[in-house]
Structure formats: structure tokens, C-alpha cells
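Following: one structure in C-alpha cells, then a few remarks.
The values are calculated or read from the model by the stated rules, or taken from the named source; none is laboratory data. Predicted, not measured: the structure shown is a model, and the values here were computed from it. Here the Cβ positions follow ideal geometry from the backbone for every residue, glycine too, while neighbour counts run over all protein chains shown.
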Amino acid sequence: MTFLTYPIIVLVLFLLAKIFPYKKNDNLLQIDFATLKNKYQKWDLLSVVMVFILIPGITYLVGSLFSIVFYSTETKDPQIIYHIGTSRLMWFMPALILSFGLIRFPITLIYKLIFKDKYKEFMMYSDIKTGADGMKILNYMTWISGAGSIVFLVFLSDYSVDIHKEKIVLNDFLTFSDKSYSFSEIQSINYIRPLNPNTGEPEKSSYFIKFKDGGHWDTARGLEDDNNRQSEIINFLSEKSKLNINELQKNPE
């Protein structure tokens, strides 16, 4: 894969230059690119370093905020015995998307602090080097990542499993409607305990509940109960459906 990295980067820069072509500022036309390159090329590595530091940093901070604000496995419905909501880790996914739009703000601030009145000149060097209008690209990235993050948040906020006294209600990630199953509609309850193919050691286990209409609930896919009562919940389903729990090494899907 490594040998493909460079041509992919070149292709992306070529497409960006075509979609967002850079137009020189009339006030800076007299500056020669060779002069700019000699002056600012040493700072190129800083951009790469900042991306690798800021993207994880922003993702962690925003993801932590999202998990505090949105994470909940509580329910006010007395008919629901167990409520399984979106796991804390899943809230870092929209945060990662949003970080690509927010990164422009700390990077711009850092460069302005470094270059002060030469900031516009440095930005011109960056734009001429790539042939693309960097600020216009960042503007679009901010709007696109913001919209993508909101869509992700909306879907996550409606992602859950509710277990009532007589039924299971699934609300899948990409839907806004739920689907109910009686316990008699459960076809099998499977405990998935995969083995690492290289070491033979057991990996993280999960449960896979399959229904007679082909639907399923996979506990490995982004849901968790607040009190970590997974085994208790599965035993409850086993008792209600009168089915044994099968132990498998791979997902039967």
C-alpha cells in the first residue's frame, strides 16, 4: 500500500487544483515563487506535524464532549427492563469527522502567531505550491464535515435496543423506525468467541442474536448497557426464548 501513497497524494492535489484553482493576489504578484520557496519551505513539515497532532486532539476533546452530552442508557419507560444505547466510543466517530473542519482554526492561529504580518505571504507560497486555493478548500471542509457530523449524531442518537417483558425492540443505526420481535421469533442466541489466527488466543467476545425473519442483533456493533449486564441480558433472552446459547468462533451472519 505504501507505494500507492505518493501517486494518490499527487492525484488529490491535481484534482483540488482543478476544482479550487488558486488566483494570485494582485498585491503580491511581484514576489517570485523561488524566493517564497527558499523562505518558507522549511515550514512544510510543520503542517504535517500539526495535522497528526491536532486531528487526534480535536477528536478526543469533541468526542468526550459528545459522549457527555449524548451518551445515555437510561429510559423512563417502566415497561423496558433493559435499555442498550450507543456506546461511548461511537460518539468519537462524528467527532473525527468534525475535526477535519475544525482543524483550520488552530492551524490558522498558529501560523498567524508564527508569521505575523508575513502570514498572507506564507499562505500564497502554500497555494502556489499546490496550485489550489487553500482557504477555499478549508471553508468547504468546515461546512461538509459539520454537516456530516450532524447527520452522524442524528443517526447515533436513535440507535438502541430495548428489551421489554414480552418483546425486543431494535432501532438500527441507519433507520428512524424500530422493529419489534417477540421472544418466540428468536432463531438462535450465539456467543461469539473468535480466536486470533496468528496466536490462537481468544479475542474480544460478543453475542449475536438471530431472528427468524433474517434480522439480527450483534452486541459487537456499537451498543452497550450502562451497568455492563450483557451476560445477564443474554441469559434473560435465553430463558424467555427457551433457547440454549451456542458458542461459536465466528459470526454466523
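Evaluated against (1) part of a helix (DSSP H, G or I); (2) surrounded by fewer than 14 Cβ atoms within 10 Å (Cβ to Cβ); (3) not aromatic (Phe, Trp, Tyr), residue 95 falls short on exactly one condition, (2). Of all residues in the stretch 81-92, none that is closer than 12 Å to residue 66 by Cβ and free of Cβ contacts under 8 Å to residues at least 12 places away in the same chain has its Cβ atom under 9 Å from the Cβ atom of a residue that is of a type in the set (A, V, I, L, M, F, W, C) and outside any helix (DSSP H, G or I), 6 or more apart or on another chain.
Is it fair to say residue 66 is farther than 23 Å from residue 221 by Cα, in contact with a helix residue (DSSP H, G or I) (Cβ under 6 Å, 6 or more places away or on another chain) and of a type outside the set (D, E, K, R)?
Values: farther than 23 Å from residue 221 by Cα: no; in contact with a helix residue (DSSP H, G or I) (Cβ under 6 Å, 6 or more places away or on another chain): yes; of a type outside the set (D, E, K, R): yes.
In short, no.
So for the stretch 173-190 (the condition being of a type in the set (Gly, Ala, Ser) and outside the structural domain of residue 240 (by TED's automatic domain parsing)), does at least one residue qualify? There is no residue in the stretch 173-190 that is of a type in the set (Gly, Ala, Ser) and outside the structural domain of residue 240 (by TED's automatic domain parsing).
Per-residue answers, yes or no, for (1) more than 20 Å from residue 174 (Cβ to Cβ); (2) part of a loop (DSSP other than H, G, I, E, B):
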residue	(1), (2)
51	yes, no
59	yes, no
62	yes, no
77	yes, yes
84	no, no
106	yes, no
121	yes, no
138	yes, no
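If you filter the stretch 191-202 down to residues that are in contact with a Leu (Cβ under 9 Å, 6 or more places away or on another chain) and surrounded by fewer than 17 Cβ atoms within 10 Å (Cβ to Cβ), you find that the one that is farthest from residue 86 (Cα to Cα) is 201. Do we have any residue at all in the stretch 72-89 that's touching a Ser or Thr at 6+ places or on another chain (Cβ under 8 Å) and of a type in the set (D, E, K, R)? Yes, the stretch 72-89 contains at least one residue that is touching a Ser or Thr at 6+ places or on another chain (Cβ under 8 Å) and of a type in the set (D, E, K, R).
Here is a list: 177, 188. Which entry is in contact with a strand residue (DSSP E or B) (Cβ under 9 Å, 6 or more places away or on another chain) and surrounded by fewer than 12 Cβ atoms within 10 Å (Cβ to Cβ)? I'd like the intermediate steps shown before the answer.
Numbers: 188 fails: surrounded by fewer than 12 Cβ atoms within 10 Å (Cβ to Cβ).
Criteria check complete, one pass: 177.
Looking across the stretch 117-143, the residues that are in contact with an Asp or Glu (Cβ under 8 Å, 6 or more places away or on another chain) and either acidic (Asp, Glu) or not assigned by TED's automatic domain parsing to the domain that holds residue 45 (or both) come down to 127, 133. Restricting the stretch 199-225 to residues that are under 27 Å from the mean Cα position of the chain (by Cα) and over 22 Å from residue 179 (Cα atoms) leaves a set whose member that is modelled with the lowest pLDDT is 202.
Condition check ((1) more than 16 Å from residue 128 (Cα to Cα); (2) of a type in the set (S, T, N, Q); (3) at pLDDT below 70; (4) not assigned by TED's automatic domain parsing to the domain that holds residue 232) across all residues:
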{"site": "12", "(1), (2), (3), (4)": "no, no, yes, yes"}
{"site": "16", "(1), (2), (3), (4)": "no, no, yes, yes"}
{"site": "42", "(1), (2), (3), (4)": "no, no, no, yes"}
{"site": "62", "(1), (2), (3), (4)": "yes, no, no, yes"}
{"site": "114", "(1), (2), (3), (4)": "yes, no, no, yes"}
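With respect to the conditions (1) of a type outside the set (A, V, I, L, M, F, W, C); (2) more than 28 Å from residue 88 (Cβ to Cβ); (3) at pLDDT 85 or above, residue 180 lacks only one, and its number is (2). Out of the residues in the stretch 64-92 meeting the condition of being crowded, with 21+ Cβ neighbours inside 10 Å and among the aliphatic types (A, V, I, L, M), tell me which one is nearest to residue 180 (Cα to Cα). Per the stated criteria, the residue is 84.
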